[in-house]
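Accompanying notes for the structure given below.
Rule-based calculations on the coordinates, nothing more; no lab input. Just so it is clear, the model here is predicted, and its values are computed rather than measured. Neighbour counts are summed over all protein chains in view; Cβ atoms, including those assigned to glycine, are modelled from backbone coordinates with ideal geometry.
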Amino acid sequence: MAAIAIAGAGLAGRLFAWALARAGHRVDVFDAAAGPDPAFDAQDAAAFSAAGMLSPLAEQEQGGDEIAALGWRSLALWPGIVAALPRPVPLQAEGSLLLSHRADLGAAQRSLMRMPGAEALDVDALRRHEPMLAPGLRGWLLPREGLIAPLPAMAALHAGAGATRWHWSRAIDQVLPGTLHFRDGGHWSGDWAIDTRGLGARPPLPLRGVRGEIVTLSLPAHGLRRPVRLLHPRHRVYLVPRARDEIVVGASEIESEDRSPVSLRSAVELMAAAQSVLPALSEARITRLDRHLRPAMPDNLPFTHHEPGLLRLNGLYRHGWLLAPALVERLLAEAALARIDDIAHSTHRDDPSGFVALETSR
Ligand SMILES: Cc1cc2nc3c(=O)[nH]c(=O)nc-3n(C[C@H](O)[C@H](O)[C@H](O)COP(=O)(O)OP(=O)(O)OC[C@H]3O[C@@H](n4cnc5c(N)ncnc54)[C@H](O)[C@@H]3O)c2cc1C
């Protein structure tokens, strides 16, 4: 059993804590936030603001083969992780749809060339998959892509991390092998230190924040069954069903560290694009406008570091939910601290597959 401290209780920190505590280690987690729940103030974990798309094919277009391979590995791991958590976490892997208006077909075709595996759907097949979509759209199925609900997942990882001790309002200034230095003085020392502070890890990491804005809408029986992404010359807009009566529309991608509230321009553009795909959204109610900064390295690729007594995971950028399980698995194996496969297979709940249906209308 090792004594391990984790700096940062966001997505990566909670996954590490869950895996390490279940592997029998003594785990302390320190976070600058006041508590485990979201504040939606763009200062808490970026993970709370995410849409939760698990899209290796779509992300391959920009991220390349490594991102796609890590994404497929995470998609294989999530069901076992979710099945081992003490609370249900909506998780789905029934594919996602790419959509294009006829006028944007040229741009769509260019994107599709970088997405091997996308299957063109004819009008009838598209209607069978998603009956509520606007007429006249062209569609492609990205098989096996999925989505996870970030808020229940963050809560369940926190609840499922066994004897982990959580320390809130504890900002960490420096993470060194076997040592954390607190901003208000003092330090922790033990066997391993793990740095998962997202943007809070600079220096030493040369991170930047990429602003993302996202809208939550309420509409009873909206009818959307799976995530859909609109191929568009200017925007990468996606609609994600969260429940029978809730859809999330995201996300802007702006090279800025502005944490101020959502701009009118982004809100209008996101919602207009979404309504052009799903006309019933005209009557939806806006329940949240949220924004956060995605922690990104200069090359936009994930950053991992392993030396005796120290692990770092960062730069999860726009695909933390897609990549984190595979990267946590890899780092824990390199450090010989835990095997996620072993931990994930022991289930608390009845459904061994781990897939928990979203409450979307059928
Ligand atoms: C609008 C939006 C939409 C997104 N959609 C998706 C999506 O659909 N799919 C997907 O895969 N990804 C998505 N992402 C990306 C994903 O949210 C991030 O990649 C992920 O949250 C990064 O995880 P992390 O643990 O590294 O950082 P975070 O989740 O940001 O956690 C960092 C933690 O460190 C703490 N911290 C910071 N500084 C300190 C300090 N000095 N001391 C102690 N604690 C500190 C913070 O309080 C926080 O709890 C989206 C992001 C945004 C903003």
Over the Cα atoms of region 28-139 the radius of gyration and the largest Cα-Cα distance (Dmax), both in Å, equal 18.2, 54
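Rg/Rh for region 247-294: what does it come to with C-alpha atoms and Rh from Kirkwood? Display every interim value, and only then the final one.
Values: Rg = 11.5 Å, Rh = 11.7 Å.
Result: Rg/Rh = 0.98.
What number, rounded to the nearest 500 deg cm²/dmol, is the helix-based mean residue ellipticity at 222 nm of the chain, given -39500 (n - 2.57) per DSSP H run of at least four residues and division by all its residues?
Values: 9 runs with 99 residues, N = 362.
Taken over the chain, the calculation gives -8500 deg cm²/dmol.
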Per principal axis, largest first, the Cα atoms of region 182-324 extend in Å by 55, 30, 28
Its Cα gyration tensor gives region 162-202 an equivalent ellipsoid whose semi-axes in whole Å, largest first, are 15, 13, 12
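Helices from the chain with mean Kyte-Doolittle at least -1.0 and a Cα length along the axis of 24 Å or more, per DSSP H: which?
Values: long enough: 65-83 (28 Å, 0.81).
Both cut-offs are met by 65-83.
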Along principal axes, largest first, the alpha-carbon spread of region 186-244 in whole Å comes out as 53, 30, 17
For the chain (alpha-carbon point model, no solvent) the Debye-based log₁₀ I(q)/I(0) at q = 0.07, 0.08 Å⁻¹ works out to -0.29, -0.38
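Can you check what the net charge comes to around Ala118, using other residues whose Cβ is under 11 Å from the Cβ of Ala118 (Lys, Arg +1; Asp, Glu -1)?
Values: positive: Arg114, Arg229; negative: Glu61, Glu119, Glu145.
Residues near Ala118 contribute -1 overall.
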Taking N as the residue count of region 111-196, its alpha carbon Rg divided by 2.2 N^0.38 Å gives 1.98
